[in-house]
1. Can you list the aspartates and glutamates whose alpha carbon sits under 16 Å from that of residue A:69, skipping same-chain ones fewer than 8 residues off?
2. In a Debye calculation with equal point scatterers on the alpha-carbon sites of chain B and no solvent, what is log10 I(q)/I(0) at q = 0.11, 0.16, 0.20, 0.23 Å⁻¹?
3. Can you run phi through the Karplus equation (6.51, -1.76, 1.60; θ = phi - 60°) for the range B:46-51 and list ³J(HN,Hα) in whole Hz, with x for Gly and Pro?
4. Do you know the relative contact order of the range B:1-74, to the nearest whole percent, from alpha carbon pairs under 8 angstrom that are 6+ apart?
5. When the label point is put 7 Å from the Cα of residue B:12 along its Cα-to-beta-carbon vector, which residues of the range B:71-92 have a backbone N closer than 12 Å?
6. Mean-square fluctuation check for chain A, GNM, Cα pairs under 10 Å: which of A:82, A:100, A:27 is largest?
7. What are the residues whose amide H is under 5 Å from the amide H of residue B:56, where those residues sit 5 or more places off or on another chain and H is modelled from the backbone?
8. Where does the Debye-calculated log10 I(q)/I(0) of chain A sit at q = 0.15, 0.16, 0.22 Å⁻¹, using only Cα point scatterers of equal weight, no solvent?
Amino acid sequence: GQQVMQIPQYQHVQEGEDFTTYCNSSTTLSNIQWYKQRPGGHPVFLIQLVKSGEVKKQKRLTFQFGEAKKNSSLHITATQTTDVGTYFCAGPRAAGNKLTFGGGTRVLVKP
Amino acid sequence: KAGVTQTPRYLIKTRGQQVTLSCSPISGHRSVSWYQQTPGQGLQFLFEYFSETQRNKGNFPGRFSGRQFSNSRSEMNVSTLELGDSALYLCASSLGQGLSGANVLTFGAGSRLTVL
């Protein structure tokens, strides 16, 4: 079945530094979505990428969808304490298919 | 507009009992998906309902079942509870079809089940 892997599993970041988390699918995805879950909270949708090679930015967050539509990355610049949480990627193989989530990258920020 | 509402938020059961969890989706959303979240296993897909029909199903035993009503509200049931069923059960709704973004999920706050 479809598998979605995220690396790293944990990311300790010094406040102000940049970091990148990666998402890899075993199958081609029709789109990729990113969600953020704060400690004690529930996942909240951040962004969706649909096109091959697509890049989208949200303030300090940059999302990229790979050319083969099997991988994606999230880059955060100048990390802040508000970035603490777990970031999940998720994607369906085709429209109407279930969303398979990666295991998440848990981000901890050192002030 | 109101978000996704899950009830109850917390519950404690003993092994062998059964439990029913409820989810009210965002108005206009016709798809409801259920996920199990545990510290070690992340977000595991249980099933998705669209227009009262199960459209997708995850790899969970038959003890886990669900249904969707004509108003898109959904319930999931777990019978013969086991200790390993202790988890946060998340419901998420989406449009389900149509325009790009139709499968973007809005999650509820979850129902935290503890099995003793």
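The values are calculated or read from the model by the stated rules, or taken from the named source; none is laboratory data. All values derive from a computational prediction rather than experimental measurement. Every residue, glycine among them, receives a Cβ derived from its backbone with ideal geometry; neighbour counts consider all protein chains shown. With ligands, DNA and RNA removed, areas are computed over all heavy atoms of the protein, side chains included. Shrake-Rupley method; radii C 1.70, N 1.55, O 1.52, S 1.80 Å.
1. Counting by Cα, and skipping residues close in sequence, residue A:69 has these aspartates and glutamates nearby: A:54.
2. -0.32, -0.68, -1.04, -1.34
3. So the Karplus estimates, Gly and Pro as x, are 9, 6, 10, 10, 9, 6 Hz.
4. Working: 112 pairs, mean separation 19.3, N = 74.
Computed over the range B:1-74, the figure is 26 percent.
5. Output list for this probe position: empty.
6. Its mean-square fluctuation being the largest, the pick is A:82.
7. B:48
8. Listed by q, the Debye log ratios stand at -0.58, -0.66, -1.19.
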